[in-house]
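Novice: Below is one structure. I have some questions about it.
The values are calculated or read from the model by the stated rules, or taken from the named source; none is laboratory data. All of these numbers come straight from a predicted model, not from anything done at the bench. Cβ coordinates were reconstructed from backbone atoms using ideal geometry, including for glycine residues, and neighbour counts include every protein chain displayed.
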Amino acid sequence: MKKTWWKEAVIYQIYPRSFMDSNGDGIGDLKGITSRLDYLKYLGIDVIWLSPVYQSPNDDNGYDISDYQAIMDEFGTMEDFDEMLAAAHERGIRIVMDLVVNHTSDEHKWFMESRKSKDNAYRDYYIWRDGKDAQTPPNNWGSCFGGSAWQYDEETAMYYLHLFSKKQPDLNWDNPKVRQEVFDMMTWWCDKGIDGFRMDVISMISKTKEMPDGEIQGLYGSFGPYCVHGPNVHNYLQEMNEKVLSKYDIMTVGETAGVTTELAKQYAGEDTHELNMVFQFEHVEGDGKYGKWTDEKMSLTTLKKTMSRWQTELYGQAWNSLFWDNHDQPRAVSRFGDDRPQFREASAKMLATCLHMQQGTPYIYQGEELGMTNYPFQSPDDFRDIESINAYREWCAEGSLSHEVFWPCIIYKSRDNARTPVQWDDSPQAGFTTGTPWIAVNPNYKKINAKAETADQDSVFHYYKKLIALRKANPIMVYGKYELLLADSEELFVYTRTLEEEKLLVVCSFCDHETSFTIPEEFAGASCLIANMENAYDKPEMTLQAYEAFVLLKN
C-alpha cells in the first residue's frame, strides 16, 4: 500500500459563514479564520477543507458560484485569502478548496450569456431542453432541493436543468469548452498555492443524452440513473487528472453520492488516475421516512455492516474518507451519540474513537471537536437552509403531513443544525461575532465552548487532540487492516486493526447503560492506548459504562 501525506493527515472542515466573524456583521469571514489558525494548530490538524468562499449570490450559501476567481464580498477580499493561505502554510496547515463545478449560479456570466439566445456562444455551456408542451417540463425529475429539476426560461421558451436550486443551473460537461474553462480555473488556484480540492457532487457531472421520466420517489421522479455516475464521468475525471491534478502535490476528494465500493475503486483506486479518495454516504443515508427526513436512529448493526464493508472492500485498492458529520449533516453527537447532558461528553469521545481508529482519512467538522449539538429549533422561521425551508413547505405546509408528524424529523436532520456558529467562549453570541449572527447561536454555548474546553484537560477537545497525536505516532491507525468483531451486537462496535506484529482492539459502547464485555485472550496484557473513562483492562471480564470507549495495543 502506497504511503502518502494525505492518507496520514487529519482534515478539519470550515464552513466560513459560521466559523468566526472578524468585523461584527454577523457573518464569518476569512480574517476570522486567520485569527483562529493557532487554535487549529494546537488541536493538531493538518489540512483545512474550506467550504466555498467564491463570489456568490448565496441562494445555497456559496454553493451557487457567480465567479470562481473572486471572493464573496461578505467573506473579504482576495488579499484576505492570500494572507490566510500564507498564515496557514506558516503553521504547517494545508488548504483544500471546495470545487463546485456540476453547476454555477444563474448569475454567473456564462449562464447570463447562455440564456440570451439559442445561438449564443455560451448556450451549450448548460443543459437546455424543450418542454413536453407549453406547460410541461421535459421530464418528471425532481431537484434535490424540492420542486421540478427543470426551470422554464421565457427568453428562449425552453427549460434548463438544475439538479439543485433553480438558481444553480447544471453545466454541460459534454462540451469540451466547459471542461477547459474548469481546468483553467483549477490551474489558476493551484498556481496560487492551494493544496487540493474537495469536489462537490462530482459524480453528477456526466448526464445521459436520453432524459426519460424517472421512477417516482416521493413527490417527483428520480434523476439518479441518468445523472449520477454518468457515461463519461470517469473519462472527464481522468482528463482533469491529466491536465491539472497530476501536475501538483495536492489532495483530492470527491463527493460521490450513490457510490458503491466497486465504483469507489474507479474514482479513487490506487492506479486509476482520478481522485485520491471519495466521500460516500451510506452510513448517513437510507434511514429516512419521508425522503431523507426521519427522527429515528439507524440501528447499530446496520451502521457497523455499512462501515465495515467500506473498510474491508477498499483495503489495499482505494482510499476512504472517514466522517460522522459535515455542513450537510446534523451534529454527530445528536445523531449517532447522545446529546443529553449526562452523556454528551462520553458519547462524543466514543464516536471520535470509533471513527479515528478506522482506516481512511478522518474529517472533523467545525465544532465536532467540542461536542457541539443540534439546535433546539422552535419554528420553521428559525431555518436559513433552502433545503429545510423547501422541505417543510412541500411535506407539511402544502403537503400531506401534519406539523406534529414532520417537525421532529426536520429538526433532527436539518442541515442548519451544523451551521450554527462555532461556540468560542461564554460571552454574548459565543464569541463568534460582536453583531447579530446570520443564524442563531445554540443556547448551550455557555457550557459548550472552546475556551472552557481548551482549559480542561479532560474535555472533548483534548480527547480529539490526543487522538490526532496518536495517529501521527502509530502507523497502524493509518495503514492497519480492519476486522469487525461482534457483528450482531446492537450495543457494542468492536473491531481490530493489524499491521505486521502490532494489533489494536477498539471497543465502543453505543448504549446508555452498562454492558458486559470479554477482552479476547490474545489481548491479555495489552497496553491501553486511549480510553474515555477509567477502567481496568487486566482481567478479561469487564463491565462497560454508558458510551465507554477504549483501545488496546498489542505489540
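Novice: I'd like to verify a number: residues in the range 276-303 that are assigned to a loop (DSSP other than H, G, I, E, B) and within 19 Å of Cys227 (Cβ to Cβ), how many?
Specialist: Our first condition is that a residue be assigned to a loop (DSSP other than H, G, I, E, B); within the range 276-303, this holds for 276, 280-281, 285-289, 291-292, 294-299.
Filter once more, keeping what is within 19 Å of Cys227 (Cβ to Cβ): 280-281, 285, 291-292.
Count: 5.
Novice: For the range 407-425, which residues satisfy the criterion of being over 15 Å from the mean Cα position of the chain (by Cα) and in a loop (DSSP other than H, G, I, E, B)? Don't jump to the end; show me each part of the working.
Specialist: Of the range 407-425, the ones over 15 Å from the mean Cα position of the chain (by Cα) are 407-412, 420-425.
Result: Thr420, Pro421, Val422, Gln423, Trp424, Asp425.
Novice: If I ask for residues that are buried (at least 20 other Cβ atoms within 10 Å of the Cβ) and assigned to a helix (DSSP H, G or I), which ones from the range 237-262 would you list?
Specialist: Answer for the range 237-262, where residues must be buried (at least 20 other Cβ atoms within 10 Å of the Cβ) and assigned to a helix (DSSP H, G or I): Leu237, Met240, Leu245.
Novice: Scan Thr77, Thr104 and give me the residue that is at pLDDT 95 or above, touching a Leu at 6+ places or on another chain (Cβ under 7 Å) and hydroxyl-bearing (Ser, Thr, Tyr).
Specialist: Thr104
Novice: Output the residues belonging to the range 36-73 that are of a type in the set (S, T, N, Q) and either surrounded by 23 or more Cβ atoms within 10 Å (Cβ to Cβ) or assigned to a loop (DSSP other than H, G, I, E, B) (or both).
Specialist: Passing the criteria: Ser51, Ser56, Asn58, Asn61, Ser66.
Novice: Now for a separate question. Hey, could you check the range 431-453 for residues that are more than 25 Å from the chain's Cα centre (by Cα) and outside any loop (DSSP other than H, G, I, E, B) and say which is surrounded by the most Cβ atoms within 10 Å (Cβ to Cβ)?
Specialist: Restricting to residues being more than 25 Å from the chain's Cα centre (by Cα) and outside any loop (DSSP other than H, G, I, E, B), the top hit is Ala452.
Novice: Just to be sure before I move on: is Met204 over 22 Å from the mean Cα position of the chain (by Cα), among the hydrophobic types (A, V, I, L, M, F, W, C) and assigned by TED's automatic domain parsing to the domain that holds Asp98 in the structure I sent?
Specialist: When the stated conditions are applied, Met204 does not pass them.
Novice: So which residues in the range 1-11 are in contact with a Phe, Trp or Tyr (Cβ under 7 Å, 6 or more places away or on another chain) and either basic (Lys, Arg) or farther than 16 Å from Gln317 by Cα (or both), if there are any at all?
Specialist: Result: Lys7, Ile11.
Novice: Conditions first: (1) assigned to a helix (DSSP H, G or I); (2) of a type in the set (Val, Ile, Thr); (3) surrounded by fewer than 18 Cβ atoms within 10 Å (Cβ to Cβ). Val182 passes all but one, so which condition is the exception?
Specialist: (3)
Novice: Let me ask you something else. Can Ile33 be described as under 26 Å from Phe383 (Cβ atoms) and either part of a loop (DSSP other than H, G, I, E, B) or more than 20 Å from the chain's Cα centre (by Cα) (or both)? Step through it out loud before you land on a result.
Specialist: Numbers: under 26 Å from Phe383 (Cβ atoms): yes; either part of a loop (DSSP other than H, G, I, E, B) or more than 20 Å from the chain's Cα centre (by Cα) (or both): no.
The answer is no for Ile33.
Novice: Could you tell me which of the residues Asn102, Asn175 is under 30 Å from Tyr392 (Cα atoms) and surrounded by 16 or more Cβ atoms within 10 Å (Cβ to Cβ)?
Specialist: Sole residue among the options that is under 30 Å from Tyr392 (Cα atoms) and surrounded by 16 or more Cβ atoms within 10 Å (Cβ to Cβ): Asn102.
So that you can scan it fast, the table gives a plain yes or no per residue for (1) closer than 27 Å to Gly316 by Cα; (2) outside the structural domain of Arg335 (by TED's automatic domain parsing); (3) in contact with a Pro (Cβ under 8 Å, 6 or more places away or on another chain); (4) loosely packed, with under 13 Cβ neighbours inside 10 Å:
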{"position": "Val494", "(1), (2), (3), (4)": "yes, yes, no, no"}
{"position": "Thr498", "(1), (2), (3), (4)": "yes, yes, no, no"}
{"position": "Leu505", "(1), (2), (3), (4)": "yes, yes, yes, no"}
{"position": "Thr543", "(1), (2), (3), (4)": "no, yes, no, yes"}
{"position": "Tyr547", "(1), (2), (3), (4)": "no, yes, no, no"}
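Novice: May I ask you to verify whether Glu345 is in contact (Cβ under 8 Å) with a residue 40 or more places away in the chain and touching a Leu at 6+ places or on another chain (Cβ under 8 Å)?
Specialist: no
Novice: For the range 75-168, which fully contained strands (runs of 3 or more DSSP E) count at least 1 residues that are basic (Lys, Arg)?
Specialist: 94-99
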